[in-house]
1. If a residue must be farther than 26 Å from D81 by Cα and within 16 Å of ligand 2 (Cβ to nearest atom), how many such residues does the range 274-288 contain?
2. Hey, among the residues in the range 118-141 that are crowded, with 24+ Cβ neighbours inside 10 Å and small (G, A, S), which one's farthest from T344 (Cα to Cα)?
3. All but one of (1) out of contact with any strand residue (DSSP E or B) (no Cβ under 7 Å at 6 or more places or on another chain); (2) part of a helix (DSSP H, G or I) hold for T135; which doesn't?
4. Just checking, does the range 208-226 include any residue being part of a helix (DSSP H, G or I), open to solvent by 50 Å² or more (accessible area, probe 1.4 Å) and either among the hydroxyl-bearing types (S, T, Y) or farther than 21 Å from I259 by Cα (or both)?
5. Among the listed residues I41, I99, I48, I64, identify the single one that is hydrophobic (A, V, I, L, M, F, W, C), in contact (Cβ under 8 Å) with a residue 24 or more places away in the chain and either out of contact with any strand residue (DSSP E or B) (no Cβ under 8 Å at 6 or more places or on another chain) or surrounded by fewer than 17 Cβ atoms within 10 Å (Cβ to Cβ) (or both).
6. What helices (runs of 4 or more DSSP H) completely inside the range 264-347 contain at least 3 residues that are open to solvent by less than 10 Å² (accessible area, probe 1.4 Å)?
7. Take M189 and tell me if it is among the aliphatic types (A, V, I, L, M) and within 16 Å of ligand 2 (Cβ to nearest atom).
8. Return only the number of the condition from (1) within 16 Å of ligand 2 (Cβ to nearest atom); (2) open to solvent by less than 20 Å² (accessible area, probe 1.4 Å) that G199 does not satisfy.
Amino acid sequence: MLVVMEAHATAEQIEAVCAEIRAMGFTPHPMPGPTRTAIGITGNQGPIEQAGRLQRLPGVSQLIRVTAPYKLVSREFKELDTVVDVGGVPIGGQGIAIIAGPCTVESREQTLNIAHAVQAAGAVMLRGGAYKPRTSPYTFQGLGEAGLQILAEARALTGMPVVTEVMDTETLPLVNQYADMLQIGARNMQNYSLLRAVGRTRHPVLLKRGFAATVKDLLLAAEYILAEGNPHVVLCERGIRTFDDSLRFTLDLGAVPLIKKLSHLPVIVDPSHASGRADMVIPMARAAIAAGADGLIVEVHDNPAFAVCDGTQSLVPEGFAELMQQLQRIAIAIGRPLIHNRITQSG
Ligand code: PEP
Ligand code: MN
């Protein structure tokens, strides 16, 4: 349920509605808009019987039933796009944010090299896993805290905010200390205790779509985070598993405009994991931006043949620079600028 206030409703009237919602045993979520405030209600199972009590309060314009199973993430609840600020990079606004870096932090030298290379080409954020969710327990699992320290050094040297994966609630406090944005990987999209835990932080979260998750599953997973009070969520389409195994996954680009219709949260695309092949990354990335994605997260490696993980899908720095060139043209065509970093801005 959504209570829409009149345009001239006062702060006292808004608070009185919130108090009434609390008195009914539910939770109010006031959302100021450009012309009027709306107050979302959560905690109710089905229609609210005493809704008439709210309708009669001064300053209330109308009550709207929210039909979607997810509430706080829905467009019905909040009409305006959410912009998530990650260390000064706005994701979900007019500009397009390009995040790049290695699949995993392998060494200080490798990470710093790649960080400088992607920044020179125009990336605004650095990616890199210190804790890796690997399909096999016998493969490299990440450098752990040492990897987080390398990411922090890369951030200090380049000024780029860092997104890195948090795999479990035990390591969340540690990852929180280093990361500007917490990545929840595809394999953890429905790890509800982890979703709740990142929801209790106020850190930006990158929530990747599970490879067998529907759009509704993804939005409900995001709802867990918002329901704990953390509104700073960016969604990521990274390919799903279908009958076709010609590529690593099937990039579901239809999900991008669909999610933008259903939700106010920003959506970015990961063309690297979606395709699994470096030669597919540029065309998929172009299509993602043309389809309305708010950004990309791209794997880049300076020596893919020797990469510890995901080398086959990693662009070399020159390939990433080529991608950025091509995206410039798409960005102009769709009337959305690529967000600049401090190097591209001054150079
Ligand atoms: C990654 O970003 O390196 C990763 C493991 O992604 P996903 O969770 O989408 O597989
Ligand atoms: Mn990877």
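The values are calculated or read from the model by the stated rules, or taken from the named source; none is laboratory data. Fair warning: this is a prediction, and the values are worked out from it, not measured in the lab. Please note: Cβ atoms are built from the backbone with ideal geometry, for glycine as well, and neighbour counts cover all protein chains shown. Remember, those area values only see protein heavy atoms, side chains included, never the ligands or the DNA or RNA. Shrake-Rupley method; radii C 1.70, N 1.55, O 1.52, S 1.80 Å.
1. Residues meeting the conditions: 6.
2. A130
3. Looking at each condition in turn, T135 falls short on (2).
4. There is at least one residue in the range 208-226 that is part of a helix (DSSP H, G or I), open to solvent by 50 Å² or more (accessible area, probe 1.4 Å) and either among the hydroxyl-bearing types (S, T, Y) or farther than 21 Å from I259 by Cα (or both).
5. Going through I41, I99, I48, I64 in turn, just one is hydrophobic (A, V, I, L, M, F, W, C), in contact (Cβ under 8 Å) with a residue 24 or more places away in the chain and either out of contact with any strand residue (DSSP E or B) (no Cβ under 8 Å at 6 or more places or on another chain) or surrounded by fewer than 17 Cβ atoms within 10 Å (Cβ to Cβ) (or both): I64.
6. By residue number, 271-275, 278-290, 317-334.
7. yes
8. It fails just one condition, (1).
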